[in-house]
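Written below as structure tokens is the structure these notes are about.
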Amino acid sequence: MVEEQVEMLLNGDFAVAWAWKHVEPDVVAAFPITPQTLIVEKFAEFVANGEVRTQFINVESEHSAISAMVGAAAAGARTATATAANGLQLMHEILYIVSSMRLPVMMAVANRAVSGPINIHCDHTDAMGQRDAGWIMLFTEDAQEAYDTTIQAFKISENPDVLLPTMVCLDGFLVSHTAMNLKVFGNPKIVKDFVGEVRPVARIKLMGEEVELSLNPRNKIPLTFGPFCYYDYYFEFKRQQIEAMKAVPEIVERVNKEYYELSGRLYGNGRLVPWNVDDADIVAVVMGSAAGTLRWVARKYRERGTKIGILKVRMFRPFPWEEVQKLLENKEVVAVFDRAQDAGAMVGPLSLEVLSALYYSKNRPKNTVTYIFGLGGRDLTPELAEKTFEELIRIKEGKEKPFIKKYIGVRE
């Protein structure tokens with residue numbers, strides 16, 4: 001049954017803050033950095049006004065913020081933080097520790113270009129720099145999806161078969177500071193019932209006793225988190241993380257469906273959001289806010305009889321390669337739109353994943369190309385999207401040679 005919701009005018013950052021308010025995590029620690037700052041500023045207001053019981057920790061850096069999450073989550077607390085760009089880079093060392101210690105931390109990332117030169121606007125280079133840190137990575141298209149996905153992230157991470165941290169990514173300024181009418185739950189209890197009033201701490205068997213997987217002094221047997229691990233056991237720890245990541249796709253789909261029953265909003269299968277892909281000759285693959293622009297332009301082509309589809313990747317880690325493979329088989333042209341730096345690589349990070357998946361397909365698309373776009377917040381305008389679609393149509397018709405990669409919307 002779809003629960004009662006109220007309509008509010010919120011930007012993406014405030015949407016995340018409201019999601020935190022409704023979940024009411026035990027501990028939040030964060031350091032301000034544009035374009036994420038509004039999240040923790042708004043949530044700090046909720047704390048100061050007594051609207052949540054969250055322990056808000058003021059720290060001196062992003063490194064300290066994520067380190068505070070380690071201690072709190074290891075003690076069994078429900079935790080959340082937020083950052084962007086250079087702040088995310090400063091967290092880099094600790095991100096691996098969080099995932100290795102199997103701590104279900106929720107982190108909002110307002111995607112921003114990484115210096116230098118200094119730029120505070122959107123691209124995905126910051127998140128892509130952390131893509132192998134062992135975190136689940138979900139990308140959102142707008143403020144509504146940012147609110148919904150933030151709530152889902154707690155439930156996904158805290159599942160006992162997962163116990164891995166989750167990044168919820170929202171495009172800096174394009175989503176973080178752009179307001180839209182969205183729906184939030186009128187009764188926070190609905191959200192608390194959905195994620196659980198308190199974090200469900202897993203229990204394990206140890207030396208004949210069942211104990212909490214946490215730094216809990218009530219445990220009969222003490223536990224150690226993050227000890228020194230020599231080569232005789234380190235590999236086994238890493239393998240357990242890999243196995244936990246394998247459980248994520250099914251959990252993401254299940255949580256997406258359960259949330260749909262409460263909200264009436266469904267994001268594909270939680271991993272991928274296809275739009276008119278099945279019958280498409282040309283498919284554009286994209287993440288984040290640009291999906292809306294491409295969909296809007298593709299709709300015009302559909303009205304004229306040109307079958308263009310849009311495949312939005314919502315779950316980048318773990319990458320749903322088998323589903324991508326199946327959805328793109330036998331297509332005439334596939335174009336991957338990458339909003340990330342690719343210095344020294346053949347193509348961008350999203351395209352590398354797609355190409356890797358397609359390599360093992362027996363029915364690969366006839367042509368696959370990559371567009372690098374939007375670095376430093378440069379717009380992917382409808383006009384630019386239309387220009388790329390015209391090029392893809394010419395490739396499909398054999399009037400133009402396919403290419404490996406092009407940079408669009410840039411002065412050459």
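From Cα pairs below 8 angstrom and at least 6 apart in sequence, can you work out the relative contact order of region 182-225, rounded to a whole percent? Present the calculation step by step, with values, prior to reporting the outcome.
On the way: 28 pairs, mean separation 9.2, N = 44.
Relative contact order here is 21 percent.
Note down the relative contact order for region 272-407 as a percent, whole number, built from C-alpha pairs under 8 angstrom at least six residues apart. Intermediate results must be reported in sequence, preceding the final value.
Values: 234 pairs, mean separation 35.6, N = 136.
Relative contact order here is 26 percent.
Before anything else, pin down the relative contact order of the chain: Cα pairs under 8 Å, at least 6 apart, normalised by residue count, whole percent. Before the final figure, lay out the partial values.
On the way: 864 pairs, mean separation 65.3, N = 412.
Computed value for the chain: 16 percent relative contact order.
On a straight-distance basis, which lysines could pair with Lys326 in a cross-link, Cα separation under 22 angstrom, same-chain partners fewer than 8 positions away excluded?
Lys246, Lys257, Lys307, Lys312, Lys362, Lys366, Lys396
Give me His121, His63 sorted ascending by neighbouring Cβ count inside 10 Å, so fewest comes first.
Ascending number of Cβ neighbours within 10 Å: His63, His121.
For helix 382-396, what angle does its Cα long axis make with the longest principal axis of the chain, in degrees from 0 to 90 and rounded to 10?
60
Exposed loop sites here are trypsin sites (Lys or Arg not before Pro) in DSSP loop states with at most 15 other C-beta atoms within 10 Å. What is the longest stretch of the chain lacking them?
54-217
How would Phe373, Phe235 line up from fewest to most surrounding beta-carbon atoms within 10 angstrom?
Details: Phe373 24, Phe235 10.
Going from least to most buried by this count: Phe235, Phe373.
Using the beta-carbon distance between Arg302 and Ala247 and R0 = 41 Å, what value does 1/(1 + (r/R0)^6) give for FRET efficiency, to the nearest 0.05?
Approximately 0.65, to the nearest 0.05.
Pick out which of Tyr230, Tyr267, Tyr371 has the largest mean-square fluctuation in a Gaussian network model of the chain, springs linking Cα atoms closer than 10 Å.
Top of the fluctuation ranking is Tyr230.
How much length is gained if the chain between Asp279 and Leu206 is pulled fully straight, taking 0.36 nm per residue apart and subtracting their Cα-Cα distance, in nm to one decimal? Could the numbers behind the result be given before it?
Details: separation 73, 0.36 × 73 = 26.28 nm, distance 5.36 nm.
Extra length from Asp279 to Leu206 when fully extended: 20.9 nm.
Which value in deg cm²/dmol, rounded to the nearest 500, describes the helix-derived mean residue ellipticity at 222 nm for the chain, given -39,500 (n - 2.57) per DSSP H run of n ≥ 4 and division by the residue count?
My calculation for the chain gives -12000 deg cm²/dmol from helical runs alone.
Place a +1 charge on the Cβ of each Lys and Arg in region 272-407 and a -1 charge on the Cβ of each Asp and Glu, then give the dipole magnitude about the Cα centre in debye, rounded to the nearest 20.
In debye, rounded to 20, region 272-407 gives about 60.
For the chain, just the Cα atoms, rotate onto the principal axes and tell me the three extents in Å, largest first.
The Cα atoms of the chain stretch 72, 52, 48 Å along their principal axes.
Using a 10 Å cut-off around each Cβ, can you sort Met101, Met137, Met91, Met346 from fewest to most neighbouring Cβ atoms?
Fewest-to-most ranking of Met101, Met137, Met91, Met346: Met346, Met101, Met137, Met91.
For a Förster distance of 22 Å, can you work out the FRET efficiency between the beta-carbons of Cys229 and Ile57, rounded to the nearest 0.05?
The formula returns an efficiency of 0.20 here.
At 7 Å along the Cα-to-beta-carbon direction for both Asn181 and Val6, put a label point, then send me their distance in nm to one decimal.
Between Asn181 and Val6, the label points sit 1.6 nm apart.
Only the coordinates and a few stated rules stand behind these numbers; no lab work does. Because the structure is a prediction, the values reported are computed rather than measured. With ideal geometry, Cβ positions are generated from the backbone for all residues, glycine too; neighbour counts draw on all protein chains shown.
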